[in-house]
Amino acid sequence: MKKQEIKPVIGVVGLGNFGTLAASILSKHFEVLIYHYRHKEENVKRAERIGAKLIELEEIKNCDIVILTTPISETEDTIKKIAPLMKDGSLLIDTCSVKVGPCDWLVKNTPKTIEILGTHPMFGPTTSKFNFDEQTWNLNGLQIVLCPLRISRKHLQSIEQFLKSLNLKIITTSPKEHDKQNAKTLSFVHFVGRSLLAAGIGPQEIYTPGYSDLLKILPHTTSDNWKLFYDMNNFNPYSDVIREKFRDAGFEIEEKIIKHRQESELDANRELIDIIDTRIMKLLKKRFECSKNIGDYKKERGMKIIDPKREDEIIKNKIKKSDLDGKFIKELYKIIFNESYKSQKK
């Protein structure tokens, strides 16, 4: 007689958009327990609709595998709260869209008696066409990234086998390599999507196939909450650089457009100077607004408005990062500082 396979009990921490999707998928194959910090009747019913059970925090000890679906900014605290409750030999998995930080948190804040695995499902409710009411989804060909940290080969192979049964494409890599690539594939794409929306670029009567393709990123990049957007950028150590490169590249392309439309080099450079000057004015206005906010903050706390040490740090930093004349930079910033102090003293 064939011995019946004992399936693991899976705990899902979080009942947000992705937590709901993950629990829905897993409950068709395993017993799923869900912990959510709000143990309300509506969440109890939501869990039941999925085919899972809402539990109290201490019941995490009954889970063989625990999957965290909390916001990135809350993940470290969640690990610290969950890990001590887990039984020996169990597995803790995170699903954050960045990996360097969360994987470090898993290593630093878990006992060696439990296994740990970093993951990033490269899909969500929109991409998987998740229908909560009908409990349907489509994962065919979608990717999931695995960052093995402390896990036996046997358990890792079991997980890989299950993910393949869902028709997911598995990519195994390091947290660092994941974040380098994901700074483009996720953080940057969401930045572009949010920027398109903010610029009022959307569906219209006249369009090209290329324009239509561009707008296809909007549902994937603007339906998530702002917290997720902020987290995927602020916790990815490579996102700032990508955005800066994009802004610089945009101006270089604009420069080519202007030089091509002007008949003389003189006119082209004058137009470029006009554009640069306009942007300098806008940036200075924004800078003075920030200075005013700092002034208000200092006055509320009885702090001195003028900070010579901070001035010196800024000037030294700008000289270090620029190939402009150091004396010019110092004189320029002294003028900016003096104007900033005027707004701060108002």
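Selection of region 313-329 for residues being surrounded by 12 or more Cβ atoms within 10 Å (Cβ to Cβ), without any contact (Cβ under 8 Å) to a residue 12 or more places away in the chain and not β-branched (V, I, T) yields K316, G326.
Of everything listed in (1) surrounded by 11 or more Cβ atoms within 10 Å (Cβ to Cβ); (2) over 26 Å from I336 (Cα atoms); (3) modelled with pLDDT of 95 or more, the single unmet condition for E252 is (1).
Under the condition of being closer than 20 Å to M232 by Cα and not in a helix (DSSP H, G or I), which residue from region 75-95 is farthest from the chain's Cα centre (by Cα)? It comes out as I93.
Applying the set (1) among the β-branched types (V, I, T); (2) touching a residue at least 40 places away in the same chain (Cβ under 8 Å); (3) over 20 Å from H29 (Cα atoms) to T75 leaves exactly one unmet item: (2).
Of the helices (runs of 4 or more DSSP H) contained entirely in region 152-268, those carrying at least 2 residues that are aliphatic (A, V, I, L, M) and closer than 30 Å to F30 by Cβ fall at 153-165, 226-234. Number of residues in region 18-39 that are under 28 Å from the mean Cα position of the chain (by Cα) and assigned to a loop (DSSP other than H, G, I, E, B): the value is 5. Just name the residue that is surrounded by the fewest Cβ atoms within 10 Å (Cβ to Cβ) out of those in region 69-95 that are of a type in the set (D, E) and within 23 Å of N17 (Cα to Cα). My answer is D77.
The residues listed here are V12, V98, V66; of these, the one that is assigned to a loop (DSSP other than H, G, I, E, B) and buried (at least 20 other Cβ atoms within 10 Å of the Cβ) is V98.
Taken over region 27-57, residues that are of a type in the set (K, R), touching a residue at least 24 places away in the same chain (Cβ under 8 Å) and out of contact with any Leu (no Cβ under 8 Å at 6 or more places or on another chain) amount to 1.
For region 260-274, the criterion of being within 30 Å of S343 (Cβ to Cβ), over 26 Å from the mean Cα position of the chain (by Cα), surrounded by 15 or more Cβ atoms within 10 Å (Cβ to Cβ) and not assigned by TED's automatic domain parsing to the domain that holds P71 is met by at least one residue. Checked against the criterion of being touching a residue at least 12 places away in the same chain (Cβ under 8 Å), under 16 Å from T70 (Cα atoms) and hydroxyl-bearing (S, T, Y), the candidates T173, T119 yield just one match: T119. Scanning region 124-148 for residues that are under 19 Å from K45 (Cβ atoms) and touching a Leu at 6+ places or on another chain (Cβ under 6 Å), we see that the one that is surrounded by the most Cβ atoms within 10 Å (Cβ to Cβ) is F130. The set of residues in region 35-69 being closer than 28 Å to N234 by Cα and modelled with pLDDT of 95 or more consists of Y35, V66, I67, L68, T69.
The values are calculated or read from the model by the stated rules, or taken from the named source; none is laboratory data. Nothing here was measured: the structure is a model prediction, and the numbers come from that model. As a convention, Cβ positions derive from the backbone with ideal geometry for all residues, glycine included, and neighbour counts pool all protein chains shown.
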